[in-house]
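Visitor: Just passing along the structure, written as structure tokens.
The values are calculated or read from the model by the stated rules, or taken from the named source; none is laboratory data. Just so it is clear, the model here is predicted, and its values are computed rather than measured. As a convention, Cβ positions derive from the backbone with ideal geometry for all residues, glycine included, and neighbour counts pool all protein chains shown. These accessible areas exclude ligands, DNA and RNA; they are computed on the full protein's heavy atoms, side chains included. Shrake-Rupley method; radii C 1.70, N 1.55, O 1.52, S 1.80 Å.
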Amino acid sequence: MYITASSSASSLLRASRATRLFSRTFAGSLPKPSSSSSSAASYSSYRSLSSTVRSLPRWSHGVCWNSPYTLRSQIRAAAPVIEQFQRKIASMASENPFKANLTSLPKPGGGEFGKFYSLPSLNDPRIDRLPYSIRILLESAIRNCDNFQVKKEDVEKIIDWENTSPKQVEIPFKPARVLLQDFTGVPAVVDLACMRDAMNKLGSDSNKINPLVPVDLVIDHSVQVDVARTENAVQANMELEFQRNKERFAFLKWGSNAFCNMLVVPPGSGIVHQVNLEYLGRVVFNTEGLLYPDSVVGTDSHTTMIDGLGVAGWGVGGIEAEAAMLGQPMSMVLPGVVGFKLSGKLRNGVTATDLVLTVTQMLRKHGVVGKFVEFYGDGMGELSLADRATIANMSPEYGATMGFFPVDHVTLQYLKLTGRSDKTVAMIEAYLRANKLFVDYNEPQQERVYSSYLQLGLADVEPCISGPKRPHDRVSLKEMKVDWHACLDNKVGFKGFAIPKEAQEKVAKFSFHGQPAELKHGNVVIAAITSCTNTSNPSVMLGAALVAKKACERGLQVKPWVKTSLAPGSGVVTKYLQHSGLQKYLNEQGFNIVGYGCTTCIGNSGELDESVGAAITENDIVAAAVLSGNRNFEGRVHPLTRANYLASPPLVVAYALAGTVVQSSVLPDMFRSTYEAITKGNSMWNQLLVPASTLYSWDPNSTYIHEPPYFKNMTMSPPGAHGVKDAYCLLNFGDSITTDHISPAGSIHKDSPAAKYLLERGVDRKDFNSYGSRRGNDEVMARGTFANIRIVNKLLNGEVGPKTVHIPTGEKLSVFDAAMRYKSAGHDTIVLAGAEYGSGSSRDWAAKGPMLLGVKAVIAKSFERIHRSNLVGMGIIPLCFKAGEDAETLGLTGHERYSIDLPSNINYIRPGQDMTVTTDSGKSFTCTVRFDTEVELAYFDHGGILPYVIRNLIKQ
């Protein structure tokens, strides 16, 4: 499924007119600013309306958000006001042709919950055969249909899904809300602030740049495991987090005040996807009496975790999320749906982690890229909601857009467990049953049609782990010893380290704080209970604690040089571990709580002890990390751990926790009290002082927040389409180049161009922080592009590292330095790549960075869905080799110069058309230009999605 921001070029233009109309209606008589001062003058009128909106009670699970610490921006109650104006706009274009299907939903005791657009009232037998995930798309299309942004023809395409989905037809979709985390949220807010400046400079109203749907931003990606194995680790790591990120956090707090309809959850609250699951997820919206399913797009690929709750959600690039915030309907190819039938139940000792690693391997083999996966079958009743969320979370790892679990009784039980009120749950059940969006496994099931089918007996799942370099390389525990020795023997690759036989038993002896220590190949140096994938699941978390208890009772102890950590996804985990009396046993084994955030799973594992690091590097030891995460790509977890295995939370073994212990330890009051506390922030967050202005005052000396150059010298005239002429190859890659390779999120290497930039500006090495934390500074991120120390560039003939060859001179340079040399000489550059280019986390900087380096096109065997879309959004041309061909089979070395003769008139380019690429060596070959929709061509014509949005907001 390919996602952009509207259903067609023409509908985008109409949508932009509607947005302008909305802005005028919403802003009333606000004057149009022509300068910062005039913008400030209009701000008081604007804030008056904002204050009125903010005084409304925010949607919550019975929690009042009217607190002095809720950052003014926590104004989800603005949604009804916005929805009212959106409906007014729609009526101006055309009344909803399905208004006759608007139906009352009665309450059992009298009165009504509200009204809803009824699918059964359409009386179309095709709907009963649709997968539940497609029914959600259908409801959205019917509810938003105005023959303006969404047409009756779009509704018919979805109803006729059996016949239309194989044809890759395009439909518009309007998500109910947008979800951000701080790594991806900071650049999104930077872009919004920069767009306001651009609007202001072009003489338009900067306040038109404002989220029109609810936006939730959870700060969870900044905490690092600097301090571990101590009682005060949480406080110490949070203090360091604020020291490093004070500027970023203040910027986000400014954004929460400056932009309407934006909620910012402060640091230390939890992992975004667990907070979304336990608290933010509505399941059903009730907006001014209109009922409709919750749906969400997020700038983190693991947004799919919410699919376990029956909420349709998936990851998009930050660029597309910004367009959705600004009211643009998203365009998507109507996806196929793989039906995955589950039967039976898991055996004792087998965990949800074992299940998800098995499912990931099966779906990778089946091929589900661009598709929905929908789970069903009698095995569903044996899976807890937390187990379902674990499977849904890893949708990016098995390649699907969604791994969807329709709402059933298990979902309702979880909603009550997590503190949602009985009244809310009753409304959710009544609506979903009435609209045929609820599965009741106690009733006969009507056959649904799927694009393809898979089946798994849960009893067949075995304990396993995954690695050492990819999530879908599953290894059964009983085969682990043999697999490990094979990895040592195999040539360097996803399953190989090429360690000579005579060196495989090497022992590295060293002194660890005065006591003798040793390391061998495969020894664990990092053991982390981390990540939203598993820390939201009480069974495996309590199971880990029980095994720690057993180890303590037997006198066993984790080696002191192993860096152990526990980073829960929310404060609820801490409560039930303490309530059960098990946290103390984790502490005794070194698994003290280090913070509430993603930590090791995203590379924020902190430094290893110097003695350990020296032992690894001086003896070339293949050290291992074991983590309960979802990503183990090389170079991601820690630069010194070449082997990284995904597993159940450490020490979890065959006897998984019995259901009775979970039920007695996890109570609804824990969820209520935890999320009530979130609304109060924390002392460090509350003390941040930020200016009250709608335009951001950029600090030229800041190394965290920098005004990007995207709109420099922008005019109202689009630059038009462009080809590539005599471009040099900047990099030549093989398969599975991930966004971690392209745009690292971990530590900044001391010898990197980014480090040089920071040192030149007086930043000490100890204050470098991570690339992810500096995503608001384009100067750092451009230098960090392709800076992964494990990246393999074929131009270097086997050498591993972030360098390339400057073709004209033959010099070996850092990628950034080579790119700048090409740019200064006026030369275009391209990238050659293999299959699955851009896989991994959705990361807009993996597209922004190459654009800033001067890359004009990427030619690959295949692209990851979100990354291809992001490349288009930044004006980079994505091309695919023909089936069976790649750079190697075509005899391309990367030393050639490449030309792509695209027409300068966008009207002569068609989505998915073939194009000939020529080289100066005389070789030519045919590629498919991966502009997949008409709207993507419109973005390309404007130089990217953001300039497109600005121009269309300003017009008329």
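Visitor: Name the pairs: first residue in the stretch 794-815 and within 15 Å of C729 (Cβ to Cβ), second residue assigned to a loop (DSSP other than H, G, I, E, B), Cβ to Cβ under 6 Å, at least 6 apart or on different chains?
Guide: Taking only residues 6 or more apart or on different chains, the pairs are L795/G894; T804/N793; I807/H895; V815/F786; V815/P802.
Visitor: Scan the stretch 865-895 for residues that are among the basic types (K, R) and at pLDDT below 95 and jot them down. Walk me through how you get there before you give the answer.
Guide: So the first thing to find is which residues in the stretch 865-895 are among the basic types (K, R), and the list is 865, 868, 882.
Listed by number, the residues that qualify are R865, R868.
Visitor: In this structure, is V350 under 20 Å from the mean Cα position of the chain (by Cα), buried (at least 19 other Cβ atoms within 10 Å of the Cβ) and outside any helix (DSSP H, G or I)? Let's see the steps before the verdict.
Guide: Numbers: under 20 Å from the mean Cα position of the chain (by Cα): no; buried (at least 19 other Cβ atoms within 10 Å of the Cβ): yes; outside any helix (DSSP H, G or I): yes.
Against the criterion (under 20 Å from the mean Cα position of the chain (by Cα), buried (at least 19 other Cβ atoms within 10 Å of the Cβ) and outside any helix (DSSP H, G or I)), V350 does not qualify.
Visitor: Testing T918 on (1) under 22 Å from G826 (Cβ atoms); (2) touching a residue at least 24 places away in the same chain (Cβ under 8 Å); (3) β-branched (V, I, T), one condition comes back false. Which one is that?
Guide: Of (1) under 22 Å from G826 (Cβ atoms); (2) touching a residue at least 24 places away in the same chain (Cβ under 8 Å); (3) β-branched (V, I, T), only one is false for T918: (2).
Visitor: Name, by its number, the condition in (1) farther than 21 Å from R642 by Cβ; (2) at pLDDT 80 or above; (3) under 23 Å from the mean Cα position of the chain (by Cα) that does not hold for A528.
Guide: So the condition that A528 fails would be (1).
Visitor: Separate question: Please state which of the following conditions R448 fails to meet, knowing it meets all the rest: (1) modelled with pLDDT of 90 or more; (2) part of a strand (DSSP E or B); (3) open to solvent by 20 Å² or more (accessible area, probe 1.4 Å); (4) closer than 22 Å to M362 by Cα.
Guide: (2)
Visitor: Is it the case, given these coordinates, that V724 is modelled with pLDDT under 95 and β-branched (V, I, T)?
Guide: Values: modelled with pLDDT under 95: no; β-branched (V, I, T): yes.
Here the answer is no, as V724 does not meet what is asked.
Visitor: Among the numbered criteria (1) farther than 19 Å from G854 by Cβ; (2) outside any loop (DSSP other than H, G, I, E, B), which single criterion is violated by S904?
Guide: All conditions are met except number (2).
Visitor: Another question, then. Does the stretch 380-392 contain any residue that is open to solvent by less than 10 Å² (accessible area, probe 1.4 Å), part of a helix (DSSP H, G or I), under 17 Å from D294 (Cα atoms) and in contact with a strand residue (DSSP E or B) (Cβ under 6 Å, 6 or more places away or on another chain)?
Guide: Within the stretch 380-392, one or more residues are open to solvent by less than 10 Å² (accessible area, probe 1.4 Å), part of a helix (DSSP H, G or I), under 17 Å from D294 (Cα atoms) and in contact with a strand residue (DSSP E or B) (Cβ under 6 Å, 6 or more places away or on another chain).
Visitor: Would you point out the residue of the stretch 864-905, among those that are over 31 Å from the mean Cα position of the chain (by Cα) and of a type in the set (V, I, T), that is nearest to E320 (Cα to Cα)?
Guide: Going through the qualifying residues, I end up with I900.
Visitor: Restricting to the stretch 849-863, name every residue that is buried (at least 24 other Cβ atoms within 10 Å of the Cβ), under 21 Å from the mean Cα position of the chain (by Cα) and farther than 23 Å from P708 by Cα.
Guide: Passing the criteria: only F863.
Visitor: Select, from I789, I830, the only residue that is closer than 20 Å to P878 by Cβ and not in a helix (DSSP H, G or I).
Guide: Working: I789 fails: closer than 20 Å to P878 by Cβ.
Criteria check complete, one pass: I830.
Visitor: Let me ask something additional. Please list, ordered by residue number, the strands (runs of 3 or more DSSP E) wholly in the stretch 289-346 having 3 or more residues that are in contact (Cβ under 8 Å) with a residue 40 or more places away in the chain and within 30 Å of W845 (Cβ to Cβ).
Guide: Details: elements: 290-293, 295-298, 312-315, 330-333, 337-343.
Result: 295-298, 312-315, 330-333.
Visitor: Within the group V150, V178, which residue is in a loop (DSSP other than H, G, I, E, B), touching a residue at least 24 places away in the same chain (Cβ under 8 Å), out of contact with any Phe, Trp or Tyr (no Cβ under 8 Å at 6 or more places or on another chain) and surrounded by 22 or more Cβ atoms within 10 Å (Cβ to Cβ)? Walk me through it before giving the result.
Guide: Values: V178 fails: in a loop (DSSP other than H, G, I, E, B).
Being in a loop (DSSP other than H, G, I, E, B), touching a residue at least 24 places away in the same chain (Cβ under 8 Å), out of contact with any Phe, Trp or Tyr (no Cβ under 8 Å at 6 or more places or on another chain) and surrounded by 22 or more Cβ atoms within 10 Å (Cβ to Cβ) holds for just one of V150, V178, which is V150.
Visitor: Specify which of the listed residues (V311, V368, V373, V316) is in contact with a Gly (Cβ under 8 Å, 6 or more places away or on another chain), open to solvent by less than 10 Å² (accessible area, probe 1.4 Å) and over 16 Å from F404 (Cβ atoms).
Guide: Only one candidate qualifies: V316.
Visitor: Just checking, how many residues over the stretch 494-541 are on the phi > 0 side of the Ramachandran plot and either exposed (fewer than 14 other Cβ atoms within 10 Å of the Cβ) or free of Cβ contacts under 8 Å to residues at least 60 places away in the same chain (or both)? So that I can check it myself, show each step before the final result.
Guide: Going residue by residue through the stretch 494-541, those that are on the phi > 0 side of the Ramachandran plot are 498, 513-514, 522, 531.
The next check asks that each one be either exposed (fewer than 14 other Cβ atoms within 10 Å of the Cβ) or free of Cβ contacts under 8 Å to residues at least 60 places away in the same chain (or both); those that pass are 498, 513-514.
Matching residues across the stretch 494-541 total 3.
Visitor: Checking the structure you have, find out if any residue of the stretch 619-631 is over 18 Å from P538 (Cβ atoms), modelled with pLDDT of 90 or more and open to solvent by 30 Å² or more (accessible area, probe 1.4 Å).
Guide: yes
Visitor: Could you check the stretch 181-213 and list, in sequence order, the residues that are open to solvent by 10 Å² or more (accessible area, probe 1.4 Å) and within 24 Å of I271 (Cβ to Cβ)?
Guide: Once the filter is applied, which keeps residues that are open to solvent by 10 Å² or more (accessible area, probe 1.4 Å) and within 24 Å of I271 (Cβ to Cβ), the stretch 181-213 yields only V213.
Visitor: Please count how many residues of the stretch 411-425 are open to solvent by 10 Å² or more (accessible area, probe 1.4 Å) and among the β-branched types (V, I, T).
Guide: Number satisfying all stated conditions: 1.
Visitor: Oh, and also: Does the stretch 787-800 include one or more residues that are β-branched (V, I, T), buried (at least 24 other Cβ atoms within 10 Å of the Cβ) and in contact with a Leu (Cβ under 6 Å, 6 or more places away or on another chain)?
Guide: no
Visitor: Mind checking which pairs have a first residue in the stretch 739-752 that is modelled with pLDDT under 85 and a second that is surrounded by fewer than 23 Cβ atoms within 10 Å (Cβ to Cβ) and outside any loop (DSSP other than H, G, I, E, B), Cβ under 9 Å, 6 or more apart or different chains?
Guide: If the second residue must be surrounded by fewer than 23 Cβ atoms within 10 Å (Cβ to Cβ) and outside any loop (DSSP other than H, G, I, E, B), the pairs left are P744/S770; A745/S770; G746/S770; S747/S770.
Visitor: A follow-up question, please. From the list E288, E247, which one is under 25 Å from V425 (Cα atoms) and open to solvent by 10 Å² or more (accessible area, probe 1.4 Å)?
Guide: Only one candidate qualifies: E288.
Visitor: Scan the stretch 120-142 and tell me whether some residue there is open to solvent by 80 Å² or more (accessible area, probe 1.4 Å), farther than 19 Å from L437 by Cβ and assigned to a loop (DSSP other than H, G, I, E, B).
Guide: Checked the stretch 120-142: no residue is open to solvent by 80 Å² or more (accessible area, probe 1.4 Å), farther than 19 Å from L437 by Cβ and assigned to a loop (DSSP other than H, G, I, E, B).
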